[in-house]
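Colleague: Take this structure, written in structure tokens, and hold onto it; I'll ask about it next.
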């Protein structure tokens with residue numbers, strides 16, 4: 001019985017992590033190791049053979065978040081078309097928003113990473129937040145994860161009214177990025193609007209003569225916006 005007690009005794013870091021999850025997300029973990037992994041940056045795991053980074057959980061969490069937010073918006077705005085919902089979703093799940101949520105959760109206090117290196121804390125907080133959602137999903141199920149995300153994240157950290165007021169201009173964002181990086185960005189129309197293709201234009205972004213994202217719309221402007229959006233995603237800028 002004494003051996004069992006010591007084997008299951010929680011360390012200070014365990015208790016700190018449990019307290020954080022319960023307080024911030026209303027969740028009591030079953031497999032605590034999953035959550036330690038979710039908060040382990042590769043700069044830390046690379047130092048030891050027995051520790052894995054949060055990159056796989058980050059990948060999973062990214063997909064889970066995308067589905068949760070898509071479902072939330074689908075129910076919240078039943079009369080809006082897929083273009084509007086896609087645009088709105090991109091404002092909520094973009095890199096800046098996830099990093100902001102990670103910062104407001106004060107994830108940096110719980111992430112294991114090697115200090116003294118050129119690591120952007122905001123970036124690792126956003127990545128760790130995705131990994132944390134991935135860990136909750138594996139430790140419970142989709143419905144539980146969705147409930148936690150809606151009740152604790154969207155309600156407390158996403159100002160939906162502010163998001164609705166924002167106007168995303170993907171083309172301008174891409175051109176600004178190109179100017180900063182001294183890259184030539186142009187657009188070419190691959191397909192003009194015609195009856196046989198439902199009057200849709202198809203546009204493609206070209207960066208330094210290399211083809212990147214494509215987009216379509218009922219105007220050249222809309223097609224270029226969508227092509228810019230896909231390019232920003234491919235570049236990892238948003």
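Taken together, the values in this text are just the output of simple stated rules run on the coordinates, not laboratory data. As the structure is a prediction and not an experimental result, all values here were calculated from the model.
Colleague: Angle check, please: helix 121-139 long axis (alpha carbons) against the longest principal axis of the chain (alpha carbons), in degrees 0 to 90, nearest 10.
Modeller: Around 70 degrees separate the two axes.
Colleague: In degrees, nearest 10, range 0 to 90: what is the angle between the Cα axis of helix 170-180 and the longest Cα principal axis of the chain?
Modeller: Rounded to the nearest ten degrees, it is 80.
Colleague: For segment 25-111, max minus min Cα coordinate along each principal axis, in Å, sorted largest first?
Modeller: Principal-axis extents of the Cα atoms in segment 25-111, largest first: 51, 25, 22 Å.
Colleague: Report, largest value first, the span of the C-alpha coordinates of segment 11-165 along each principal axis, in whole Å.
Modeller: 51, 34, 23
Colleague: On a 0 to 90 degree scale, rounded to 10, what angle separates helix 82-92 from the longest Cα axis of the chain?
Modeller: With both axes taken from Cα atoms, the answer is about 50 degrees.
Colleague: If you build the convex hull over the alpha carbons only and average its shadow over all orientations, what do you get for segment 160-238? Give it in nm² to one decimal.
Modeller: Average projection, Cα convex hull of segment 160-238: 5.9 nm².
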